[in-house]
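Report on one structure; see the data block that follows.
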Amino acid sequence: MDINFQEMIFQFLGGLGLFLFAIKYMGDGLQKAAGDRLRDILDKFTTNPFMGVLVGLMVTVLIQSSSGTTVITVGLVSAGFMTLRQAIGVIMGANIGTTVTAFIIGIDVGEYAYPIMALGAIFLFFFKKSTIQNIGQILFGFAGLFIGLEMMSSGMKPLRDWQPFLELTVQMSDIPVLGLVVGTIFTLIVQSSSATVGILQGLYAEGLIPLQGALPVLFGDNIGTTITAILASLGASVAARRAAATHVLFNIIGSIIFMLLLVPFTAYVEWITGVLNLENKMQIAFAHGTFNVANTLIQLPFIGALAWIVTKLIPGEDNVIAHKPKYLDESLIAQSPSVALGQAKMEVLHMGAYSVQGMEEALNYLQTGDTKAIGNVEQLEEAINNLDRKSTDYLVKLSKQALSKTESTLHHNLFDNIRDIERIGDHVENIVEFLQYRDANKAKLSDEAQAELVEMYEFTMETVRLALQALEKNDPSIAKEVYARENEIDVMERKLRKMHIYRLNEGICNGSAGIVFADIISNLERIGDHAKNIVDTVK
């Protein structure tokens, strides 16, 4: 029999494309419907590994992607919101959550897919309310999932009469490791275990592959899906790379265990099929679910060992910038408002230290062009914004307590300090953006302009340091020095602007470099203003 390979491949790839789009589109709709609370849920409820598993499961069911959950988790570890041990629990839960897609596929809703898609489209295009549009997006993606699967299945039908494919499936049944490798490689390419499990369900339902050959492929799919987390962790912190490595290790260990138990596991799947009278697709879904639940139960007690192994595999000092407040203790608000106020001040100084650290990173980028500094500044800015929110909430709660006149003044001043420190962080971010513009447009500053910038930058940074010192020690003499330096920064900015116009006229500097220079000194001048505002509160 002649097989039209072009038609088969095109139909398969089209179906795969639609499936991947639909699952992402449905996940995005679910995510929007859940609001921006996913990150908060992951941050708040992962107090112990068991809770981590439940949260990982729940979030993955919501966004329909274990890779998505793992990538968010890697990001949270990288940002210092979550420890490695908490992350391992979430990753285990994500693996269980991803099996839900296989169960959805197992329920044959295929024949209703087109009307469901039409209903989704109506919700999307004829309603303006975002809630209804989100439901429309979920329905549209849900239906697209089945239409994509149907396209892939019908594209693969001719394979049942193609001798080389039949020989490969026989080999996969005889040599289970081959199936494991095939599953791993295919998922590495497609980057979605939901898609490859869906394809496997289609092949098995069409009778193109026996159960004995399908199960190792299923285990391989679970190893292949870890590629997304690996890609997300490249260039991230040591902790993030360790979280991604845990995902790989967890699935490899599970696959080894189940490959050794392949005969009894196959017998179990056949037994449960008979007991529950399962369809072919549902058989694979049950096998997938059992694999991930059992794997989690086996490895959950060994989270400490997994964390220890990945720490040994990926050595290095982890310089995670902690986003969480260091000093705020909610219980102190009612018990001892004056102590709570002192803690709030320490948190503001902690936030201030981050703003100086951000300035140091940006200066490093200005002088060396080292792009690592960009990521560090972004992380520091995120940390400052988070501490800003948490400290402000803390002070608002504190305002409900009885405070003395002096304490009320300090309380009011801390609000101002927080705002100024947060603005310094924003200006540092602006400076980094101008430097990125410099690099993208090859706008080279003249040596003279570079030297002037560095001089003003170092002077401003030292001024911010002194302002924070004055705030910490409540020292008016340091505050006076900051006032004098702030005047000097203003004079410096005017002088450098004139020098810069002269250089532009003489053709020493080009226009693009000129924009960068003017904008950076303008931001430095504003940072000086915020340093002065900080010491305005020092009496």
### Task
Scan region 356-380 residue by residue and report those that are hydroxyl-bearing (Ser, Thr, Tyr) and either at pLDDT below 85 or open to solvent by less than 10 Å² (accessible area, probe 1.4 Å) (or both).
Tyr365, Thr371
### Summary
When region 346-362 is checked residue by residue, the ones that are aliphatic (A, V, I, L, M) and under 20 Å from Ala440 (Cβ atoms) are Ala362
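Results for (1) at pLDDT below 80; (2) more than 20 Å from Met156 (Cα to Cα); (3) within 21 Å of the chain's Cα centre (by Cα), shown as yes or no for each residue.
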position: Ser194; (1), (2), (3): yes, no, yes
position: Ile199; (1), (2), (3): no, no, no
position: Ala205; (1), (2), (3): no, no, no
position: Pro210; (1), (2), (3): no, no, no
position: Ala214; (1), (2), (3): no, no, no
position: Asn222; (1), (2), (3): no, yes, yes
position: Leu231; (1), (2), (3): yes, yes, yes
position: Gly235; (1), (2), (3): yes, yes, yes
position: Ala245; (1), (2), (3): no, yes, yes
### Residue in region 193-200 that is at negative phi and assigned to a loop (DSSP other than H, G, I, E, B) present
no
### Query
What number goes with the only condition from (1) at pLDDT 95 or above; (2) within 35 Å of the chain's Cα centre (by Cα) that Val454 does not pass?
(1)
### Message
Given the condition farther than 18 Å from Glu429 by Cα and in contact (Cβ under 8 Å) with a residue 40 or more places away in the chain, answer yes or no: does some residue in region 515-531 qualify?
### Response
no
### Task
Mind listing whichever residues of region 367-392 are over 21 Å from Asn413 (Cα atoms), out of contact with any helix residue (DSSP H, G or I) (no Cβ under 6 Å at 6 or more places or on another chain), assigned to a helix (DSSP H, G or I) and not β-branched (Val, Ile, Thr)?
Gln367, Lys372, Gly375, Glu378, Gln379, Glu382
### Message
Can you tell me which residue is modelled with the highest pLDDT among those in region 98-152 that are under 27 Å from Thr187 (Cα atoms) and assigned to a loop (DSSP other than H, G, I, E, B)?
### Response
Thr98
### Task
Would you mind stating whether Arg419 is surrounded by fewer than 20 Cβ atoms within 10 Å (Cβ to Cβ) and in a helix (DSSP H, G or I)?
yes
### Message
Going through Met259, Met282 one at a time, which residue ends up being part of a helix (DSSP H, G or I), at pLDDT 90 or above and over 14 Å from Ile91 (Cα atoms)?
### Response
Met259
#### Entry: When residues of region 260-285 are limited to those that are aliphatic (A, V, I, L, M), closer than 14 Å to Gln212 by Cβ and more than 32 Å from the chain's Cα centre (by Cα), the one most open to solvent (accessible area, probe 1.4 Å)
Val263
### Task
Could you grab me the full set of residues in region 504-529 that are buried (at least 20 other Cβ atoms within 10 Å of the Cβ) and either modelled with pLDDT under 90 or more than 24 Å from Tyr365 (Cα to Cα) (or both)?
Cys509, Ala513, Val516, Phe517
### Task
Filter region 381-402 down to residues that are buried (at least 18 other Cβ atoms within 10 Å of the Cβ) and either of a type in the set (A, V, I, L, M, F, W, C) or in contact with a Ser or Thr (Cβ under 8 Å, 6 or more places away or on another chain) (or both), then give me how many there are.
5
### Message
Scan region 393-402 and tell me whether some residue there is assigned to a loop (DSSP other than H, G, I, E, B), basic (Lys, Arg) and farther than 14 Å from Tyr327 by Cα.
### Response
yes
### Task
Go through (1) assigned to a helix (DSSP H, G or I); (2) more than 32 Å from the chain's Cα centre (by Cα) one by one and return the number of the condition Gln299 breaks.
(2)
### Query
Got a number for residues in region 438-489 being part of a loop (DSSP other than H, G, I, E, B) and more than 20 Å from Arg503 (Cβ to Cβ)?
2
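The values are calculated or read from the model by the stated rules, or taken from the named source; none is laboratory data. Quick caveat, the model's predicted, so the values are computed rather than measured. Cβ sites come from the backbone with ideal geometry, for glycine too, and all protein chains shown count toward neighbours. Accessible surface is based on the protein model in full, side chains and every heavy atom, while ligands, DNA and RNA are left aside. Shrake-Rupley method; radii C 1.70, N 1.55, O 1.52, S 1.80 Å.
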